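The values are calculated or read from the model by the stated rules, or taken from the named source; none is laboratory data. Model, not experiment: these values are computed from the prediction. As a convention, Cβ positions derive from the backbone with ideal geometry for all residues, glycine included, and neighbour counts pool all protein chains shown. Quick note on the areas: whole protein, heavy atoms, side chains included, nothing else; ligands and nucleic acids left out. Shrake-Rupley method; radii C 1.70, N 1.55, O 1.52, S 1.80 Å.
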Number of protein chains: 2
Amino acid sequence: MSVPSPQPRPGKGPRAAGAIFDATLRLLAERGYDGLTIEAVALAAGVNKTTIYRWWPSKAALLHAALLRARVLDIEIPDTGSLRGDLIALADQVIDLVTGVRSRAIVRAVASGPGLPDDGLASLARDFFADRFSREQPVFTRAFARGELPPDTDPMLLLDLIAGAVWVRALLRNEPVPPGFAAAVVDAVLPARRTA
Amino acid sequence: MSVPSPQPRPGKGPRAAGAIFDATLRLLAERGYDGLTIEAVALAAGVNKTTIYRWWPSKAALLHAALLRARVLDIEIPDTGSLRGDLIALADQVIDLVTGVRSRAIVRAVASGPGLPDDGLASLARDFFADRFSREQPVFTRAFARGELPPDTDPMLLLDLIAGAVWVRALLRNEPVPPGFAAAVVDAVLPARRTA
């Protein structure tokens, strides 16, 4: 598992954006959305709360930015030379995300949205996963170009199967993720195995 | 979607067990684990709280019984004559579970476990999914007997892929589940398609 650096993904914000996003997600995991306040984030990040309000006028806006840009939830888009390699690398990152001590608590808090109005949560989650899906596109563009996928393949379905299996095993069943799980999951869904 | 009846699955308990379990899960969804009290369950179910304490000595014990036996979270084990048919029927039930108004709120509250100590949640979830997995075994026993699955198939992996895809699409991406999604998911993971 890679160690998250405090640097946020590029985007508008003050110099302390990384610390602000980290504090936002840590407090969300500890206290839930109801307990999250911009005052507490400012204190934890060591900035004045007016600095936060200047960039993000509300708690919802701050959480939105933190989810999309914090390093702890980020993924690296792999380019291993094969679709199978890229998907295994993505699956391994989902495993890290849902089993890592810091990220697991954040993932749980966001997935359940305690205190978040349902439509607020829905729009946050939609934006988070839409951003991720658009960044994952090159994996599939390259796979189609290499002829590794039939043209009628639905990339979102493939990703849902892979990420979902990790999610169910680690977060719902609460079972340890066995060694080689990422490869087993990917091999179970790759159409290439038809001709294997 | 089938309409949940108030009858709980067989098991020990008072005659009002169905109403008690329903009230437990409804209050969990509304208030989270911290806000759930046996007094409130008794009031909502129209029974004396000593009736509840006689069978379930703690809130954790009551929730455990409710999760395993309440009709709203129950599944029917299908027997359609083919593995594909059975898995599609199971996937459709997961879709109902995570998109149904009543069950969705319960699923969210349980999956996130607000206020539940992490080990308490882990043991609840483990028992819930272990119970379900043992009940799903006949689907695979019949499929192996019909020669529909290679002997080295891992049934839990198949179920994790199928349930996980539904979970990610409906609860994480917060996207509508398209018509035919259950069949698409099952066809993506069934090894039978190798020879299709």
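Remarks
- Start at zero, step by 5 Å, and the Cα-Cα distances of chain B spread as 1, 7, 15, 18, 18, 15, 11, 8, 5, 2, 1, 0, 0 percent across the bins.
- Ratio Rg/Rh, restricted to region B:17-69 and using Cα atoms, in which Rh is the Kirkwood radius: 0.90
- Rounded to the nearest 20 debye, dipole of chain A from Cβ charges on Lys, Arg, Asp, Glu: 500
- Computed about the Cα centre, the dipole magnitude for the protein assembly as shown is approximately 700 debye when only Lys and Arg (+1) and Asp and Glu (-1) carry charge, each at its Cβ.
- Across identical copies of the chain, B:L43 has label-point separations of 3.3 nm, listed in ascending order, with the point defined 7 angstrom from Cα along Cα→Cβ.
- Build a GNM of chain A with springs between Cα atoms under 10 Å apart, and of A:P155, A:P78, A:P176 the one that fluctuates most is A:P176.
- Distances, shortest first, from the label point of A:A105 to those at the same position in the other copies read 2.8 nm; the point lies 7 Å along Cα to C-beta.
- Sequentially through region A:147-159, phi angles give Karplus couplings (6.51, -1.76, 1.60; θ = phi - 60°) of x, 8, 9, x, x, 8, 5, 9, x, 5, 5, 4, 5 Hz, Gly and Pro residues having no value and appearing as x.
- In this structure, the amide hydrogen of B:T80, modeled 1.01 Å from its nitrogen in the peptide plane, lies closer than 5 angstrom to those of B:D86, counting only residues at least 5 positions away or on a different chain.
- Interface burial for B against A (accessible surface, 1.4 Å probe, total of both chains, Å², rounded to 100): 3400
- For chain A, modelled as a GNM whose springs connect Cα atoms under 10 angstrom apart, the maximal fluctuation among A:I75, A:I95, A:I106 occurs at A:I75.
- In region A:75-189, taking the dipole from charged Cβ atoms about the Cα centre, the farthest positive-side position among A:G147, A:I95, A:L83 is held by A:I95.
- Residue-averaged beta-carbon neighbours from other chains (10 angstrom radius) around A:172-178: 6
- Descending semi-axes in Å of the protein assembly as shown, equivalent ellipsoid built from Cα gyration tensor: 34, 33, 16
- Within a Gaussian network of chain A (alpha carbon springs, distance under 10 Å), most fluctuating of A:R173, A:R71, A:R126: A:R173
- Taking label points 7 Å from Cα along the Cα-to-Cβ direction, B:M156 and B:S134 give a separation of 1.4 nm.
- Look at the dipole of chain A built from charges on Cβ: of A:A42, A:V72, A:F133, the Cα furthest out on the positive end belongs to A:A42.
- Burial here means at least 40 square angstrom less accessible surface with every protein chain in place than with the chain by itself, probed at 1.4 Å; in region B:125-158 the buried residues are B:R126, B:F129, B:M156, B:L157.
- For q = 0.09 Å⁻¹, Debye-computed log10 I/I(0) when each Cα of region B:75-189 counts as one equal scatterer: -0.26
- Computed over chain B, the per-residue total of -39500 (n - 2.57) for DSSP H runs of n ≥ 4 gives a 222 nm mean residue ellipticity of -20500 deg cm²/dmol, rounded to 500.
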